[in-house]
1. Please give the per residue accessible area of the stretch 195-304, computed with a probe of 1.4 Å over protein heavy atoms only, in Å².
2. Looking at the stretch 1-120, I'd like the Rg to Rh ratio, where Rg is from alpha-carbon atoms and Rh is Kirkwood's inverse mean 1/r.
3. Would you mind computing, in nm to one decimal, how far apart the modelled labels at Ala142 and Asp205 are, each placed 7 Å from Cα along Cα→Cβ?
4. Using modelled amide H (1.01 Å from N, peptide plane; none on Pro or chain starts), what sits under 5 Å from the amide H of Trp117, excluding residues fewer than 5 places away?
5. Which of the peptides 31-41, 182-192 is most tightly packed, and how do the rest follow, judged by the mean count of other Cβ atoms within 10 Å per residue?
6. Would you work out the charge dipole size for the chain about its Cα centre, treating the Cβ of every Lys and Arg as +1 and the Cβ of every Asp and Glu as -1, and quote it to the nearest 20 debye?
7. Take the alpha carbon gyration tensor of the stretch 26-73, find the square roots of its eigenvalues, order them as a ≥ b ≥ c, and report rounded if a/c is under 1.5; if not, report prolate when a/b exceeds b/c, else oblate.
8. Residue farthest toward the positive end of the dipole of the chain, with Cβ of Lys/Arg at +1 and Asp/Glu at -1: which of Gln239, Ala193, Thr215?
Amino acid sequence: MSAASHRVLVLGRSGQVGQALAALGPRLGQTLVLGRNDADFESPAALRSAIQTLRPQVIVIAAAYTAVDRAESEPEVADRVNARAPAIVAEEADRVGACVVHYSTDYVFDGSGTRPWIESDPPRPLSVYGRTKLAGERAVAATRRHLIFRTSWVVSPVGTNFVRTMLRLAGERTELRVVNDQFGAPTTAARIADVTAAVLAEMADAPADDPRWGTYHLASGGVTTWHGVARAVIGRAIQQGRSLRCTPEAVAPIPTSAYPTAATRPLNSRLSTSALRSTFSLDLPDWSSEVESVVDILCQEPVR
Ligand SMILES: NC(=O)c1ccc[n+]([C@@H]2O[C@H](COP(=O)([O-])OP(=O)(O)OC[C@H]3O[C@@H](n4cnc5c(N)ncnc54)[C@H](OP(=O)(O)O)[C@@H]3O)[C@@H](O)[C@H]2O)c1
């Protein structure tokens, strides 16, 4: 069976990655994309029934509780959505014979050191979000036919993300202060969707004993800080003709300690993507061209 003819169920219609997956159209397969109203991750019965009724061959879990700071005060909700719901999906996937694609995060690591994390490095999350995502990973990893993509700093032209926030703030203020001691790579939802489709094209029919099932790091090439991303976003937007009050030079670097948040973030979010690139012969472009692609789309939209 060609990969594009599989019945694919995507959970998480309104999210950045969910929308990017939906935008792939038939390239992903015969895709059905469900949102919270059809498959609430806080309602195990609704999730089970959606999967049993639709009997997909591939299930992609793009829904998650991603409010990293709010999770500190809502640990039960974060746990239900990020840990228990993926466990239920995994169980039902086994029942209907589907493989599962799941997304996780650099926040499963503690951010120590400067070396890019590899898949087998021991996770040690610093936050409720990271702990619940790790529990979700472990539940999905219990199914033999699974792919877990740990990604970082997701950005896209839609949803809540750093690129959109910076463009808004740079339109309002003449100066910005942005942390420059967290290192990682912004990754576009479009790239995550594209890689998902490419890997599924090879894996959707693979047997359970195929050694390529498992966990992979999926992030843009290169490394930067949030400060570096902010400057790149503002510079590109000005180049594209957007009138902003803040210039790249007026973005001041600050340490994480000067910007306290409820959840502790890892300082080293570098993810090594060697395994993904070599196993599936993929190219992962540098973060700067990826971020520019998002800024360019946003600059074509009227300023709100
Ligand atoms: N965003 C990042 O920077 C980042 C970084 C690393 C890894 N990741 C991982 O990448 C994946 C995709 O993230 P994203 O950025 O696309 O997330 P996102 O834009 O925040 O979207 C999250 C999605 O989950 C849905 N959702 C939340 N609670 C739900 C519930 N109870 N029932 C059903 N749906 C629910 C949301 O629906 P509503 O719109 O209805 O709330 C939304 O569709 C996630 O696994 C995330 O952990 C994200």
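1. Working: 5080 Å² over 110 residues.
Accessible surface, normalised per residue, equals 46 Å².
2. Working: Rg = 15.3 Å, Rh = 15.3 Å.
The Rg/Rh ratio comes out at 1.00.
3. Output for this residue pair reads 3.1 nm.
4. Placed amide hydrogens put Arg270, Leu271, Ser272 under 5 Å from Trp117.
5. Ranked from most to least packed, the peptides come out as 182-192, 31-41.
6. The dipole of the chain has a size of about 300 debye.
7. On the way: a/c = 3.13, a/b = 1.61, b/c = 1.94.
Since a/c reaches 1.5 but b/c is at least a/b, the shape of the stretch 26-73 is classed as oblate.
8. Gln239
The values are calculated or read from the model by the stated rules, or taken from the named source; none is laboratory data. Being a predicted model, the structure only gives us computed values, none of them experimental. Every residue, glycine as well, gets a Cβ built from its backbone with ideal geometry; the counts of neighbours run over all protein chains shown. Heads up: the accessible areas ignore ligands, DNA and RNA and are worked out on the full protein's heavy atoms, side chains in. Shrake-Rupley method; radii C 1.70, N 1.55, O 1.52, S 1.80 Å.
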